[in-house]
Amino acid sequence: MVLVLAIGDLHIPHRAPDLPPKFKSMLVPGKIQHIICTGNLCIEEVHDYFKTLCPDLHITRGEYDEDSRYPENKTLTIGQFKLGICHGHQVIPWGDLDSLAMVQRQLDVDILVTGHTHQFKAYKHEGGVVINPGSATGAYSSFTYDVNPSFVLMDIDGLRVVVYVYELIDGEVKVDKIDFKKTATASAH
Amino acid sequence: MAKERIPDWLNSSLWSTTPSVDDRLHRFSLSPTTTTTTAAAAVSEPIVQPTVPVSPPAAASRPQYTVTSQKYEFRDPIDKNSNNNSNDNDQNASPSGVSPDDISRQAQLLAELSKKVVNFRELRRIASQGIPDGAGIRSTVWKLLLGYLPPDRLQWSSELAKKRSEYKQFKEELLMNPTEITRKLEKSAVDDHSKSESSGLLSRSQVTHGEHPLSLGESSIWNQFFQDTEIIEQIDRDVKRTHPDMQFFSGDLPLAKSNQDALKDILIVFAKLNPGIRYVQGMNEILAPLFYVFRNDPDEEMAAAAEADSFFCFVELLSGFRDHFCKQLDNSTVGIRSTISRLSQFLKEHDEELWRHLEITTKVNPQFYAFRWITLLLTQEFNFADSLHIWDTLLSDPEGPLETLLRVCCAMLILVRRRLLAGDFTSNLKLLQNYPSSNISHLLYVANKLRSQASN
C-alpha cells in the first residue's frame with residue numbers, strides 16, 4: 001500500500017498565490033510515501049513545501065520553472081509499476097493523447113504522469129495509462145481560464161492501482177476514484 | 001502439608017542464591033524420580049487426558065533429597081543422595097524450592113490437573129507455593145488461574161478452539177490495511193469488471209462512503225490507520241527492546257523474530273480493541289512472561305496456539321491493573337498514585353521504623369521505586385526465572401494479584417531494611433532501583449507472613 005501524490009502546474013507566485021486552503025489542510029506529512037511533480041511550481045519555496053510533505057520528491061521541468069536543474073523527464077519504479085514523468089509542454093500538439101502515448105512508449109513505463117494542460121485526465125491505451133493531475137492551484141493555462149484546482153493521489157498495491165482524484169469544484173472538495181489493474185504482460189509494447 | 005517452624009538464622013538473606021534461568025536445567029535438577037514423573041506426565045498429557053496421579057509410585061522408591069542441606073545451590077541431584085526421608089509430606093524445614101517439596105508439589109499439581117473438575121481452592125493453595133518448571137504445568141496452571149481454561153476439563157478443547165478462532169478473527173479484521181478494507185467493501189458493492197477497455201478515457205467512479213486516503217474525518221478508516229501507525233511504531237520499538245538478553249525474545253534467529261512478531265500482533269490487536277487505553281509502554285513487559293511460558297509448553301498444540309492464548313490471558317491479567325496505565329487516572333482513587341500510597345501505608349503498618357526512615361528522614365518518595373515495581377509486576381526487578389516464580393504466587397493467591405503484589409513489595413523493603421536504615425537518600429534510591437537479587441522463596445515466605453500478621 002504505497003501512496004503516491006501526483007501534483008503540478010501550480011504556477012506560484014506568477015499565476016496563483018498558494019494552494020487552496022482546503023487542499024492544504026488535507027496534505028499533511030506522514031501519509032504520503034512519494035511525490036511526483038509534473039513541473040511549473042515555479043519557485044523554490046514550493047519545492048521546500050513539498051519536501052516537508054514527503055522526502056521522496058521527483059520533479060520534472062516545466063517551461064516556467066525557475067530552477068533549471070530539474071530534468072526534462074524522469075522514470076521511477078514503485079512496487080510493480082514503472083512510472084514516468086514529463087511536463088508535457090515539449091510534446092506537440094499539447095495534450096494530444098497519441099503523442100503522449102509515443103512518449104510513454106519511449107520511456108517504457110506503465111503510467112505516464114504529465115501536465116501542462118491544467119485539465120485532469122486519465123486515459124488508457126495499449127501501452128499503459130496516462131494521468132494528468134491538472135493544476136493544483138487552478139492557475140490559468142495557455143488555452144483557458146476555466147480551470148478547477150485538482151491533484152491526484154495513487155494507491156499502489158501490488159498489481160492494482162486506485163487513483164483518487166481530488167478536485168475543488170465550487171469551493172468544495174470532490175473526490176473520485178479510478179481503479180485499474182496491470183496485467184502481468186502489459187508492460188509497454 | 002505441614003511446615004515446621006523455621007529458625008530465624010535460616011531465613012537470613014545470607015543463604016540466598018539465584019537459581020539458574022535455564023529451564024532445561026530446572027527440569028533435570030529435581031531428583032531422578034521427578035524426571036520419571038516428568039516423563040510420565042509428558043506421555044500422559046495432563047492437559048488433555050485424565051492421568052493416574054503419579055504420586056504413589058513416586059513416593060515408594062526414590063532417593064530423597066537430603067534434608068539437612070538447606071542451601072539452595074544448584075543441584076546435581078543424581079549424585080547427591082542421602083537418607084531417605086519417607087514420603088511426600090515435606091518434613092524438612094526448607095521454606096520451599098528444594099526437591100522434596102518440588103516433587104510433591106508437582107505430583108499434587110498433576111493430580112489436581114488431571115481431575116475432571118479442577119478444584120480452584122486446592123489449585124491456588126498448591127500453586128502459591130511455587131510451580132515447578134517442568135512438564136508444561138505452569139502453562140496450564142496459569143491458564144486456569146487466569147480464567148482462560150474452565151474448571152471442567154471436558155470443556156477445555158471446545159473453549160480453546162472457540163477462543164483461538166476468535167483471536168484469528170480479530171487479527172484478520174484489525175490488522176488489514178485500508179486498501180484491503182476498501183477493496184473488500186467494494187467487492188460487495190460492485191463486481192470486479194476486469195474487462196479492460198482497450199483504449200479511452202478511464203471511467204471515474206464515486207468514492208464509497210467518502211473514504212479517501214487524505215480524509216480527515218474521525219470515522220475514516222484511512223485517518224484511523226494513520227493514527228494507528230504511530231502506536232504501531234511505538235509497539236514495534238518496545239517489542240524490540242523486550243528482554244534483550246534472552247535468545248527467545250531478541251537475537252537474529254528466526255525464532256526470535258517470529259516471537260517478536262507474535263508479541264507485536266497481540267499488542268496491536270489489544271490496542272485496537274481498547275481505544276480507551278491503547279498501548280502504553282510497559283505492557284510488553286507484562287505480556288512477555290505469559291507468552292514465554294505458553295510458547296515453551298512441551299505440548300505442541302498448546303505451544304502453537306501460544307499467541308492466541310497469551311492474548312486472552314494478557315487481557316485478563318491486565319484487567320486488574322488497567323488503571324495503572326491510564327494517565328488520566330493517575331491521581332484518582334484507583335490510579336497508580338493511590339496504589340503506591342497504599343504500599344506506603346502497608347509498610348507503615350508493618351515496619352514503622354523503616355517507613356519513617358525512608359519517607360521522612362531520607363525523603364525517598366515511594367514513587368521513585370515503587371512505580372516500576374507495581375506497574376510492571378516486578379518483571380524488571382528480578383531475573384526472568386525469579387519473576388516467573390513471583391508471578392506464580394501473584395496469580396494464585398486468593399486475595400488477588402494486586403494485594404499480593406503490595407505484600408511482596410513490602411516484603412522486598414523489609415528484607416533489605418538493614419541497608420535501608422543505614423543509608424541516605426542516594427544509596428537507598430540506588431538500592432531500591434536496582435534491587436539486589438535474593439532468594440525468591442524467602443521473599444515470598446516473608447510476604448506470606450505479612451498477610452497473616454495483618455489479619456491478626
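The values are calculated or read from the model by the stated rules, or taken from the named source; none is laboratory data. From a predicted model like this one, the values you see are computed outputs, not experimental measurements. Cβ atoms come from the backbone with ideal geometry, glycine included; neighbour counts cover every protein chain shown.
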Considering the stretch B:146-184, residues that are within 14 Å of chain A (Cβ to nearest Cβ) and either in contact with a helix residue (DSSP H, G or I) (Cβ under 7 Å, 6 or more places away or on another chain) or surrounded by 14 or more Cβ atoms within 10 Å (Cβ to Cβ) (or both), and then whichever is farthest from B:HIS209 (Cα to Cα), we arrive at B:LEU175
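Do we have A:ASP98 as farther than 30 Å from B:PHE225 by Cβ and within 14 Å of chain B (Cβ to nearest Cβ) here?
Taking the combined requirement at face value, the residue satisfies it.
Going by the conditions given, is A:ILE35 at pLDDT 90 or above and touching a helix residue (DSSP H, G or I) at 6+ places or on another chain (Cβ under 7 Å)? Spell out the reasoning first.
Numbers: at pLDDT 90 or above: yes; touching a helix residue (DSSP H, G or I) at 6+ places or on another chain (Cβ under 7 Å): yes.
Spelling it out, A:ILE35 is indeed at pLDDT 90 or above and touching a helix residue (DSSP H, G or I) at 6+ places or on another chain (Cβ under 7 Å).
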Regarding A:ASP146, is this residue without any contact (Cβ under 8 Å) to a residue 40 or more places away in the chain, over 19 Å from A:VAL2 (Cα atoms) and assigned to a loop (DSSP other than H, G, I, E, B)?
-> yes
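Among the residues of the stretch B:180-188, is there at least one that is within 30 Å of A:ASP98 (Cβ to Cβ) and modelled with pLDDT of 75 or more? Quick ask: steps written out before the conclusion?
First, the residues of the stretch B:180-188 that are within 30 Å of A:ASP98 (Cβ to Cβ): none.
No, the conditions are met nowhere in the stretch B:180-188.
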Helices (runs of 4 or more DSSP H) fully within the stretch B:96-150 counting 2 or more residues that are over 21 Å from B:GLU316 (Cα atoms) and among the small types (Gly, Ala, Ser) | B:99-114
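Of the residues B:THR229, B:THR208, only one is within 14 Å of another protein chain (Cβ to nearest Cβ), at pLDDT 80 or above, exposed (fewer than 15 other Cβ atoms within 10 Å of the Cβ) and under 30 Å from A:GLU172 (Cβ atoms); which? I'd like the intermediate steps shown before the answer.
On the way: B:THR208 fails: at pLDDT 80 or above.
Just one listed residue meets the conditions, B:THR229.
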Residue in the stretch A:136-147 that is under 22 Å from A:ILE92 (Cβ atoms), within 11 Å of chain B (Cβ to nearest Cβ) and at pLDDT 90 or above present | no
List the helices (runs of 4 or more DSSP H) that sit entirely inside the stretch B:354-456 and contain at least 3 residues that are over 24 Å from B:SER338 (Cα atoms).
-> B:384-396, B:417-422, B:440-455
Inside the stretch A:24-38, the number of residues satisfying the requirement of being more than 8 Å from chain B (Cβ to nearest Cβ) and charged (D, E, K, R) is 1
Determine which single condition B:SER220 fails, assuming it passes every other condition in (1) more than 14 Å from chain A (Cβ to nearest Cβ); (2) among the polar types (S, T, N, Q); (3) under 30 Å from A:PHE23 (Cβ atoms).
-> (1)
Can you spot a residue in the stretch B:348-369 that is under 17 Å from B:LEU443 (Cα atoms) and buried (at least 22 other Cβ atoms within 10 Å of the Cβ)?
-> no
Which residues, counting only those in the stretch A:111-126, are surrounded by fewer than 24 Cβ atoms within 10 Å (Cβ to Cβ), in contact with a strand residue (DSSP E or B) (Cβ under 9 Å, 6 or more places away or on another chain) and either at the interface with chain B (Cβ under 10 Å from one of its Cβ atoms) or in a strand (DSSP E or B) (or both)?
-> A:PHE120, A:LYS121, A:ALA122, A:TYR123, A:LYS124, A:HIS125
Go through the stretch B:254-281 and give me each residue that's exposed (fewer than 15 other Cβ atoms within 10 Å of the Cβ) and within 19 Å of the chain's Cα centre (by Cα).
-> B:ASP261, B:GLN281
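Looking only at residues in the stretch A:148-184 that are of a type in the set (Val, Ile, Thr) and out of contact with any helix residue (DSSP H, G or I) (no Cβ under 8 Å at 6 or more places or on another chain), which one is farthest from the other protein chains (Cβ to nearest Cβ)? Explain how you work it out, then say what you get.
Residues of the stretch A:148-184 of a type in the set (Val, Ile, Thr): A:152, A:156, A:161-163, A:165, A:169, A:173, A:175, A:178, A:183.
After this cut, where a residue has to be out of contact with any helix residue (DSSP H, G or I) (no Cβ under 8 Å at 6 or more places or on another chain) as well, the list is A:152, A:156, A:161, A:163, A:165, A:169, A:178, A:183.
Numbers: A:VAL152: 11, A:ILE156: 9, A:VAL161: 10, A:VAL163: 8, A:VAL165: 7, A:ILE169: 13, A:ILE178: 5, A:THR183: 7 Å.
Taking the candidates together, the pick is A:ILE169.
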Kindly indicate whether any position in the stretch A:66-84 is in contact with a helix residue (DSSP H, G or I) (Cβ under 6 Å, 6 or more places away or on another chain), on the phi < 0 side of the Ramachandran plot, crowded, with 19+ Cβ neighbours inside 10 Å and not polar (S, T, N, Q).
-> yes
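Which ones in the stretch A:48-83 are in contact (Cβ under 8 Å) with a residue 60 or more places away in the chain and among the charged types (D, E, K, R)?
Across the stretch A:48-83, the qualifying residue is only A:LYS82.
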